[in-house]
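**Q** Mind looking over this structure? Questions follow.
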Amino acid sequence: EIVSLFISIAKGTGTESDPFIIATPEDLALMGTLCAGSFADSFTGKCYKQTADINMQNVSMPCIGNTSAKPFTGTYDGGGFTIKNLSPTPAASKAAGMFGYASGAKISNVKIDGYTNNGTNGEQGVIAGNAKNSTFSNISVNAQVQFVLCACGGIVGLMEGGKISDCSVQGFIHDEKS
(Lines give C-alpha, C1' and ligand atoms only; values in the text may rest on other atoms or scores of the structure.)
Protein backbone atom coordinates (compact mmCIF):
# COMPACT_ATOMS: atom_id res chain seq x y z
CA GLU A 1 0.00 0.00 0.00
CA ILE A 2 1.28 3.46 -0.93
CA VAL A 3 0.64 4.93 2.54
CA SER A 4 2.77 2.24 4.20
CA LEU A 5 5.48 2.86 1.61
CA PHE A 6 5.53 6.59 2.37
CA ILE A 7 5.57 6.09 6.12
CA SER A 8 8.37 3.51 5.82
CA ILE A 9 10.62 5.73 3.66
CA ALA A 10 9.70 9.16 5.01
CA LYS A 11 11.60 10.73 7.81
CA GLY A 12 9.42 12.45 10.38
CA THR A 13 5.93 11.89 11.68
CA GLY A 14 4.20 14.92 10.17
CA THR A 15 3.98 16.95 13.38
CA GLU A 16 5.25 20.50 13.86
CA SER A 17 8.20 19.27 15.93
CA ASP A 18 8.91 16.28 13.65
CA PRO A 19 7.72 17.18 10.11
CA PHE A 20 7.77 14.82 7.14
CA ILE A 21 11.02 15.47 5.26
CA ILE A 22 10.84 16.31 1.55
CA ALA A 23 14.33 15.88 0.05
CA THR A 24 13.89 14.32 -3.40
CA PRO A 25 11.64 14.70 -6.45
CA GLU A 26 10.05 11.39 -5.50
CA ASP A 27 9.23 12.68 -2.00
CA LEU A 28 7.48 15.76 -3.43
CA ALA A 29 5.58 13.73 -6.05
CA LEU A 30 4.49 11.23 -3.41
CA MET A 31 3.35 14.06 -1.15
CA GLY A 32 1.12 15.25 -4.01
CA THR A 33 -0.31 11.75 -4.46
CA LEU A 34 -0.95 11.21 -0.76
CA CYS A 35 -2.61 14.62 -0.34
CA ALA A 36 -5.18 13.59 -2.96
CA GLY A 37 -8.03 11.12 -3.14
CA SER A 38 -8.62 8.53 -0.46
CA PHE A 39 -5.32 9.25 1.35
CA ALA A 40 -5.91 12.99 1.73
CA ASP A 41 -7.45 12.90 5.20
CA SER A 42 -4.27 11.32 6.57
CA PHE A 43 -1.81 13.73 4.90
CA THR A 44 -3.29 17.16 4.01
CA GLY A 45 -3.14 18.55 7.55
CA LYS A 46 0.42 17.47 8.33
CA CYS A 47 3.69 19.41 8.53
CA TYR A 48 6.34 19.06 5.83
CA LYS A 49 9.88 20.44 5.60
CA GLN A 50 12.02 20.53 2.46
CA THR A 51 15.68 19.83 3.20
CA ALA A 52 17.37 19.97 -0.22
CA ASP A 53 17.12 21.53 -3.67
CA ILE A 54 14.77 19.47 -5.85
CA ASN A 55 14.70 19.24 -9.65
CA MET A 56 11.29 18.07 -10.89
CA GLN A 57 12.41 17.78 -14.56
CA ASN A 58 10.51 14.82 -16.10
CA VAL A 59 8.80 13.99 -12.78
CA SER A 60 5.01 14.14 -12.79
CA MET A 61 3.01 15.00 -9.73
CA PRO A 62 -0.56 16.01 -8.96
CA CYS A 63 -1.25 19.35 -7.35
CA ILE A 64 -1.01 19.00 -3.58
CA GLY A 65 -4.59 19.30 -2.25
CA ASN A 66 -6.09 18.81 -5.68
CA THR A 67 -9.81 19.29 -4.94
CA SER A 68 -11.81 21.86 -2.99
CA ALA A 69 -13.19 19.00 -0.87
CA LYS A 70 -9.66 17.92 0.10
CA PRO A 71 -7.52 21.09 0.27
CA PHE A 72 -4.04 21.18 1.78
CA THR A 73 -4.53 22.35 5.38
CA GLY A 74 -1.06 21.76 6.77
CA THR A 75 2.32 23.47 6.85
CA TYR A 76 4.99 23.38 4.15
CA ASP A 77 8.38 24.91 4.99
CA GLY A 78 10.61 24.97 1.92
CA GLY A 79 13.66 25.60 4.12
CA GLY A 80 14.91 28.18 1.61
CA PHE A 81 15.72 25.41 -0.87
CA THR A 82 14.80 25.60 -4.56
CA ILE A 83 12.31 23.54 -6.53
CA LYS A 84 13.26 23.60 -10.22
CA ASN A 85 11.10 22.75 -13.23
CA LEU A 86 7.83 22.31 -11.31
CA SER A 87 4.96 21.06 -13.48
CA PRO A 88 2.03 19.89 -11.32
CA THR A 89 -1.06 18.36 -12.92
CA PRO A 90 -4.44 19.55 -11.60
CA ALA A 91 -7.60 17.50 -11.39
CA ALA A 92 -9.76 18.19 -14.49
CA SER A 93 -10.88 21.83 -14.68
CA LYS A 94 -9.72 22.51 -11.14
CA ALA A 95 -7.39 24.96 -9.43
CA ALA A 96 -3.74 24.44 -10.22
CA GLY A 97 -0.38 25.27 -8.68
CA MET A 98 2.09 23.45 -6.49
CA PHE A 99 -0.92 23.42 -4.16
CA GLY A 100 -4.21 23.23 -6.05
CA TYR A 101 -6.36 24.15 -3.06
CA ALA A 102 -5.14 25.40 0.33
CA SER A 103 -7.30 26.19 3.34
CA GLY A 104 -5.82 27.41 6.60
CA ALA A 105 -2.41 26.34 5.28
CA LYS A 106 0.96 27.88 6.09
CA ILE A 107 3.41 27.85 3.19
CA SER A 108 6.81 29.48 3.63
CA ASN A 109 10.45 29.64 2.58
CA VAL A 110 9.77 28.25 -0.90
CA LYS A 111 11.82 29.08 -4.02
CA ILE A 112 10.52 28.09 -7.45
CA ASP A 113 12.81 28.30 -10.48
CA GLY A 114 10.86 27.31 -13.58
CA TYR A 115 7.20 26.34 -13.74
CA THR A 116 5.00 24.77 -16.41
CA ASN A 117 1.27 25.37 -16.18
CA ASN A 118 -0.81 22.27 -16.93
CA GLY A 119 -4.26 23.67 -16.20
CA THR A 120 -6.78 25.83 -17.96
CA ASN A 121 -9.76 27.68 -16.57
CA GLY A 122 -10.35 27.87 -12.84
CA GLU A 123 -7.77 29.42 -10.55
CA GLN A 124 -4.10 29.16 -11.39
CA GLY A 125 -1.08 30.25 -9.34
CA VAL A 126 2.48 29.03 -9.21
CA ILE A 127 2.28 28.29 -5.47
CA ALA A 128 -1.50 27.86 -5.04
CA GLY A 129 -4.43 27.99 -7.40
CA ASN A 130 -7.10 28.65 -4.75
CA ALA A 131 -6.34 29.65 -1.16
CA LYS A 132 -8.65 30.40 1.75
CA ASN A 133 -7.42 31.80 5.06
CA SER A 134 -3.88 30.66 4.30
CA THR A 135 -0.54 32.39 4.79
CA PHE A 136 2.28 32.60 2.28
CA SER A 137 5.61 34.05 3.39
CA ASN A 138 9.20 34.32 2.20
CA ILE A 139 8.48 32.84 -1.23
CA SER A 140 10.25 33.62 -4.49
CA VAL A 141 9.15 32.59 -7.95
CA ASN A 142 11.22 32.85 -11.13
CA ALA A 143 9.06 31.67 -14.02
CA GLN A 144 7.74 32.35 -17.49
CA VAL A 145 4.08 31.31 -17.24
CA GLN A 146 1.15 31.71 -19.59
CA PHE A 147 -2.15 30.91 -17.95
CA VAL A 148 -5.31 30.43 -20.02
CA LEU A 149 -8.76 31.82 -19.14
CA CYS A 150 -8.38 31.93 -15.38
CA ALA A 151 -7.84 33.91 -12.21
CA CYS A 152 -4.05 33.80 -12.18
CA GLY A 153 -1.10 34.96 -10.13
CA GLY A 154 2.57 34.40 -9.54
CA ILE A 155 1.96 33.30 -5.96
CA VAL A 156 -1.81 32.60 -5.70
CA GLY A 157 -4.52 32.60 -8.38
CA LEU A 158 -7.53 33.33 -6.16
CA MET A 159 -7.25 34.14 -2.46
CA GLU A 160 -10.02 34.58 0.09
CA GLY A 161 -8.70 35.76 3.46
CA GLY A 162 -5.19 35.03 4.65
CA LYS A 163 -1.95 36.87 4.07
CA ILE A 164 0.90 37.08 1.58
CA SER A 165 4.14 38.64 2.89
CA ASP A 166 7.77 38.88 1.83
CA CYS A 167 7.09 37.21 -1.52
CA SER A 168 8.47 38.06 -4.96
CA VAL A 169 7.86 37.04 -8.55
CA GLN A 170 10.34 37.50 -11.40
CA GLY A 171 9.66 36.57 -14.99
CA PHE A 172 6.51 36.72 -17.03
CA ILE A 173 3.01 35.85 -15.80
CA HIS A 174 0.31 36.26 -18.45
CA ASP A 175 -3.38 35.38 -18.68
CA GLU A 176 -4.22 34.49 -22.28
CA LYS A 177 -7.87 35.35 -22.88
CA SER A 178 -8.35 33.33 -26.05
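**Q** State in Å² the accessible area per residue of the chain; use a 1.4 Å probe, count heavy atoms of protein chains only, and round to the nearest integer.
**A** 44
**Q** For residue 168 and residue 144 in the same chain, what is the full-extension length gain: residue separation times 0.36 nm, less their Cα-Cα distance, in nm?
**A** 7.3 nm
**Q** Let me ask another. Of the listed pairs 84/163; 49/94; 84/132; 111/163; 11/106; 111/132, which have alpha-carbon separations greater than 23 Å here?
**A** Check vs 23 Å cut-off fails for 84/163; 49/94; 84/132.
**Q** Here is a follow-up. From the helices alone, meaning DSSP H stretches of at least four residues, give me the mean residue ellipticity at 222 nm for the chain, per-run term -39500 (n - 2.57), in deg cm²/dmol to the nearest 500.
**A** Calculated at 222 nm, the ellipticity per residue is -3000 deg cm²/dmol.
**Q** Which residue, 75, 67, 13, has the most motion in a Gaussian network model of the chain that connects Cα atoms within less than 10 Å?
**A** 13
**Q** Considering only 108, 165, 60, give the residue with the highest GNM mean-square fluctuation for the chain, with springs between Cα atoms whenever their separation is below 10 Å.
**A** For the chain, modelled as a Gaussian network with Cα springs under 10 Å, the answer is 165.
**Q** Keeping the other protein chains in place, figure out the carbon and sulfur percent of the accessible area of the chain, with a 1.4 Å probe.
**A** Summing carbon and sulfur atoms, their accessible area is 47 percent of the total for the chain.
**Q** Related question: Top mean-square fluctuation among 142, 130, 58, Gaussian network model of the chain, C-alpha springs under 10 Å?
**A** 58
**Q** Rounded to the nearest 0.05, what FRET efficiency is calculated for residue 38 and residue 60 with R0 set to 22 Å and r the Cβ-Cβ distance?
**A** Between residue 38 and residue 60 the formula returns 0.70.
**Q** Residue separation times 0.36 nm, minus the C-alpha to C-alpha distance between residue 13 and residue 87: what's the value?
**A** That pair, residue 13 and residue 87, stretches by 24.0 nm at full extension.
The values are calculated or read from the model by the stated rules, or taken from the named source; none is laboratory data. This one's a predicted model, so the numbers in the text were calculated from it and none came from an experiment. Note: ideal-geometry Cβ built from the backbone for every residue, glycine included; neighbour counts use all protein chains shown. The protein model used for the area step is the full one, side chains on, heavy atoms only, and it has no ligands, DNA or RNA in it. Shrake-Rupley method; radii C 1.70, N 1.55, O 1.52, S 1.80 Å.
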